[in-house]
Amino acid sequence: MSEQESARWYVVHTYSGYENKVKANIEKLVENRNMHDRIQEVIVPLEDEVEIKDGKKKVVQRKVFPGYVLLKMIMDDDTWYVVRNTRGVTSFVGPGSKPVPLTEDEVYDMGIESYVESIDIGVGDSVSVISGPFAESTGIVKEVNINKRTVVVMLSIFGRETPVELDFVQVRQLA
């Protein structure tokens, strides 16, 4: 088993409102200690929510799991120590002091990582939309978001180039 394969998702509990600070602090420690191979991803899952205030619609981003930060890492004494002693982290989620990784089903259900690990489509590629409301349209990829498993494709809608965000599974690269 390679190191890449043994990295699992863990959940850490943080002080309320400190999720983004904890994420930034862990990312800075990973950079400073050159631990990229062992602590691979740090995320605070967000979702868009429509809020109506004073009769106006506004889209705001809300934390999906307030008080928690998700980490894709290889658990060993060093990574445990670095994460556990990061300012704002209260504990790993798990019984006692033993962190328990999320199961593949939990990771998939939470939408953190889907079974589409990568995509061979890059910025500038021509793609065909194969499902959804824009099916049978073609366009050029403007951006690829690996974490969200989406691509932004420029489609011609009513004679105008319009950016449309689509899931990886909705597009196919044109030959």
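Find the residue count for the stretch 48-67, including only residues that are on the phi > 0 side of the Ramachandran plot, surrounded by 12 or more Cβ atoms within 10 Å (Cβ to Cβ) and at pLDDT below 90.
So the count comes out to 0.
Here is a yes/no grid of residues against (1) under 15 Å from VAL12 (Cα atoms); (2) outside any strand (DSSP E or B); (3) in contact (Cβ under 8 Å) with a residue 40 or more places away in the chain; (4) in contact with a Lys or Arg (Cβ under 6 Å, 6 or more places away or on another chain):
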{"site": "ASP48", "(1), (2), (3), (4)": "no, no, no, no"}
{"site": "VAL69", "(1), (2), (3), (4)": "yes, no, yes, yes"}
{"site": "ASP78", "(1), (2), (3), (4)": "no, yes, yes, no"}
{"site": "TYR81", "(1), (2), (3), (4)": "yes, yes, no, no"}
{"site": "ARG87", "(1), (2), (3), (4)": "yes, yes, yes, no"}
{"site": "ILE140", "(1), (2), (3), (4)": "no, no, no, no"}
{"site": "GLU143", "(1), (2), (3), (4)": "no, no, no, no"}
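Would you call SER91 touching a residue at least 40 places away in the same chain (Cβ under 8 Å) and of a type in the set (Gly, Ala, Ser)?
It is true that SER91 is touching a residue at least 40 places away in the same chain (Cβ under 8 Å) and of a type in the set (Gly, Ala, Ser).
Evaluate the stretch 68-83: report whether one residue or more is in contact with a His (Cβ under 7 Å, 6 or more places away or on another chain) and surrounded by 15 or more Cβ atoms within 10 Å (Cβ to Cβ).
yes
Cβ-Cβ distance below 7 Å, separation of 6 or more or different chains: which pairs start in the stretch 161-175 with a residue that is within 11 Å of VAL151 (Cβ to Cβ) and end on one that is loosely packed, with under 13 Cβ neighbours inside 10 Å?
Cβ pairs passing all conditions: PHE168/VAL116; VAL169/VAL116; GLN173/ASP120.
Just the residues that are farther than 15 Å from VAL22 by Cβ and modelled with pLDDT of 90 or more, please, taken from the stretch 81-98.
Across the stretch 81-98, the qualifying residue is only TYR81.
The values are calculated or read from the model by the stated rules, or taken from the named source; none is laboratory data. Quantities reported herein were computed from a predicted structural model and do not represent experimental measurements. Methodologically, a virtual Cβ is constructed for each residue, glycine included, from the backbone with ideal geometry; neighbour enumeration extends over all protein chains shown.
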